[in-house]
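Reading through the structure tokens given below for one structure.
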Amino acid sequence: MVVRSPLPDVEIPSVSVYEYLFGEITEEELDRVAVVDGLSGAETTFRSLLAQIDAVAGAVAARGLGVGDVVALHAPNVPAYVTVFHGLLRAGVTVTTVNGLATGPEVTKQLADSGARLLITVSALLAAGEAGAKGAGLTTEQMVVLDGAVDSAVGYASLADLLADPHPAPDVSFDPATHLAVLPYSSGTTGRPKGVMLTHTNLVANVAQSLAIGVGPDDVVPCVLPFFHIYGMTVLLNLALRTRAKLVTLPRFDLAQYLGVIQDHRATFLFVAPPIALALAKHPLVDSYDVSGVRAVLSGAAPLDEKLATAVVERLGESVRVLQGYGMTEMSPVSHCIPFARTDISPGSVGLLVAGMEAKIVDPATGAEIEQPTEGVSAPGELLCRGPNVMVGYLGNPEATADTLEPDGFLHTGDIVTIDADGVFQVVDRLKELIKYKGYQVPPAELEALLLSHPGIADAAVIGLPDEEAGEIPKAFVVPAPGAELTEGEVIAFVAEQVAPYKKVRAVEFIEAVPKSASGKILRKDLKVGR
Ligand code: 4UV
């Protein structure tokens, strides 16, 4: 049975992201503040933002880059991210966004896989950026360090250098329905990170679909969720700009700094992941700040417990709406949300399908479709979704694409959900192997491959262990090689040296054999039982 969104259809114009976000901007809106640097307080109006976007697009085109080229953006949330991201899209370039916490080898992998011809980084991330670029064979000319590489012996171009010789924004033409806007990396339902091909229409559609969340021109939105990840990209960089909200950027999560921004800028709409919701509900520091401007907190990227949602309301005030959004990179990402106006929907659910989306719930054991009940709640099953925001596929990986996307356009989410009679969905479990540490993706396959490269390890499997603060922590089950003497600390250190901090293995158990199916697949459920 196919369930359709109960929300009214929205128009999805066939235009570029730039055209959709800014094509209809009014004179009055141009004079409003678009972006504030949460650290320095420096403000950028929409008028100067658009001028800067044009200038970046012109500079990129002058370097010979445009439709068909991939550029990697590797930076924390700073105002220049907004300018550069949209400048690149305006130039027709496909942007692959890189996690600011990535190690050099991780950056290399993404550059090589995406075929990026330019890496744009910042001085604070130069070590990983430089090592990553070198590994992928990029030259000095193929790197830009936005704020200038002060301590480097190499003369990389800065953003100021790019803009010193101004060029008009190029006149590019492409079909928004097929031209790739971005290539974020996600491991999806299985395996290693893959480039998720999202078109301009995918991103435009998802902003239009997410308007239901209810963020508006009077909202002040702290931007602490990283822009490189699809949640920050669509909801902050795109939705908040389209609705003319004010974005306040923060390069990393520091609770005191975050609360300071909420207080000083009278923040109204908070987009968070569950660990930030936990801090808002429980941390004593919250009492030292005036957070009375907040009207809504939307949590996404990992499950939000209903009790925690209630605790956030109790802490921030009865009038504050706690909402949830759900989705995945492969859906640009939003497929479900609780609209601000729907006070009847529990914040322990992920709400309704967004406009224009269809869903099926399928019993993973039998493949049978599960019906939406006329009362009560359905049986649980895997969620499949179809809509204008669903990816084209994985870059250069038709096999993974075929495993995830059905021929009729339904995407396997790998999440187990239920639906009730009103069309409200609840995420109850995860079928896929993905681990979410504080909302960040940790692909077990990547850690397992790394563990197997250790001479003292004969076999290994990684699962997520429930954790109150992080949601889940990666735990490794390790089979030592014959005669090898390994300690838990050695295994943890071996992985930690090679991966971004959020991917660290945080618990180790030594076992005699990894449980596997006849076809050699790790039986992760067996490892989870009783641990
Ligand atoms: O691919 P990804 O890293 O994507 C995300 C997307 C986060 C979103 C999406 C829409 C929103 O409105 C929003 O607020 C945040 O994280 O990881 C996708 C997987 O993360 C889990 C689920 O397993 C997805 O397949 N996930 C994402 N949101 C939720 C969630 C949620 N609300 N509850 C439970 N699991």
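The values are calculated or read from the model by the stated rules, or taken from the named source; none is laboratory data. Computed from a prediction, not measured in an experiment: that's the story for all the values here. Methodologically, a virtual Cβ is constructed for each residue, glycine included, from the backbone with ideal geometry; neighbour enumeration extends over all protein chains shown. Note: accessible area is taken over every heavy atom of the protein model, side chains too, but ligands, DNA and RNA are not part of it. Shrake-Rupley method; radii C 1.70, N 1.55, O 1.52, S 1.80 Å.
Summary table
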quantity	calculated
Members of segment 254-290 that are of a type in the set (Phe, Trp, Tyr), within 23 Å of residue 435 (Cα to Cα) and open to solvent by 20 Å² or more (accessible area, probe 1.4 Å)	none
Restricting segment 138-153 to residues that are open to solvent by 50 Å² or more (accessible area, probe 1.4 Å) and in contact with a Ser or Thr (Cβ under 9 Å, 6 or more places away or on another chain), the residue that is modelled with the lowest pLDDT	151
So residue 250, is it within 21 Å of residue 226 (Cβ to Cβ) and surrounded by 22 or more Cβ atoms within 10 Å (Cβ to Cβ)	no
So residue 71, is it open to solvent by less than 20 Å² (accessible area, probe 1.4 Å) and free of Cβ contacts under 8 Å to residues at least 60 places away in the same chain	yes
Residue in segment 217-231 that is β-branched (Val, Ile, Thr) and over 15 Å from the mean Cα position of the chain (by Cα) present	yes
Hits in segment 160-210 - residues which are of a type in the set (S, T, N, Q), at pLDDT 95 or above and open to solvent by less than 60 Å² (accessible area, probe 1.4 Å)	186, 187, 199, 201, 202, 206, 209, 210
Test for residue 111: is it within 25 Å of residue 151 (Cα to Cα) and assigned to a helix (DSSP H, G or I)	yes
Segment 485-505, residues that are more than 15 Å from residue 450 (Cβ to Cβ) and modelled with pLDDT of 95 or more	487, 488, 489
Among residues of segment 308-323, those that are open to solvent by 60 Å² or more (accessible area, probe 1.4 Å) and either within 16 Å of residue 345 (Cβ to Cβ) or within 16 Å of the ligand (Cβ to nearest atom) (or both), counted	1
Residue in segment 485-506 that is surrounded by fewer than 20 Cβ atoms within 10 Å (Cβ to Cβ), within 22 Å of the chain's Cα centre (by Cα) and hydrophobic (A, V, I, L, M, F, W, C) present	yes
Number of the condition not met by residue 428 [criteria: (1) among the hydrophobic types (A, V, I, L, M, F, W, C); (2) within 11 Å of the ligand (Cβ to nearest atom); (3) open to solvent by less than 30 Å² (accessible area, probe 1.4 Å); (4) under 22 Å from residue 527 (Cβ atoms)]	(3)
Which listed residue, of 119, 138, 111, 88, is of a type in the set (A, V, I, L, M) and farther than 18 Å from residue 195 by Cα	138
Residue count, segment 509-526 (criterion: within 28 Å of the chain's Cα centre (by Cα) and either part of a loop (DSSP other than H, G, I, E, B) or surrounded by 14 or more Cβ atoms within 10 Å (Cβ to Cβ) (or both))	4
Looking only at segment 7-49, and only at residues there that are of a type in the set (D, E, K, R) and touching a strand residue (DSSP E or B) at 6+ places or on another chain (Cβ under 8 Å), the one that is surrounded by the fewest Cβ atoms within 10 Å (Cβ to Cβ)	31
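Residue by residue, here is whether (1) modelled with pLDDT under 95; (2) of a type in the set (Gly, Ala, Ser); (3) away from the ligand (no atom under 16 Å from the Cβ); (4) surrounded by fewer than 19 Cβ atoms within 10 Å (Cβ to Cβ) holds:
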site	(1), (2), (3), (4)
369	no, no, yes, yes
376	no, yes, yes, yes
396	no, yes, yes, yes
406	no, no, yes, yes
411	no, no, no, no
434	no, no, no, no
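Here's the yes/no breakdown for (1) away from the ligand (no atom under 12 Å from the Cβ); (2) open to solvent by less than 10 Å² (accessible area, probe 1.4 Å); (3) within 14 Å of residue 418 (Cα to Cα):
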residue: 292; (1), (2), (3): yes, no, no
residue: 295; (1), (2), (3): yes, no, no
residue: 300; (1), (2), (3): no, yes, no
residue: 306; (1), (2), (3): no, no, no
residue: 325; (1), (2), (3): no, no, no
residue: 336; (1), (2), (3): no, yes, yes
residue: 363; (1), (2), (3): yes, no, yes
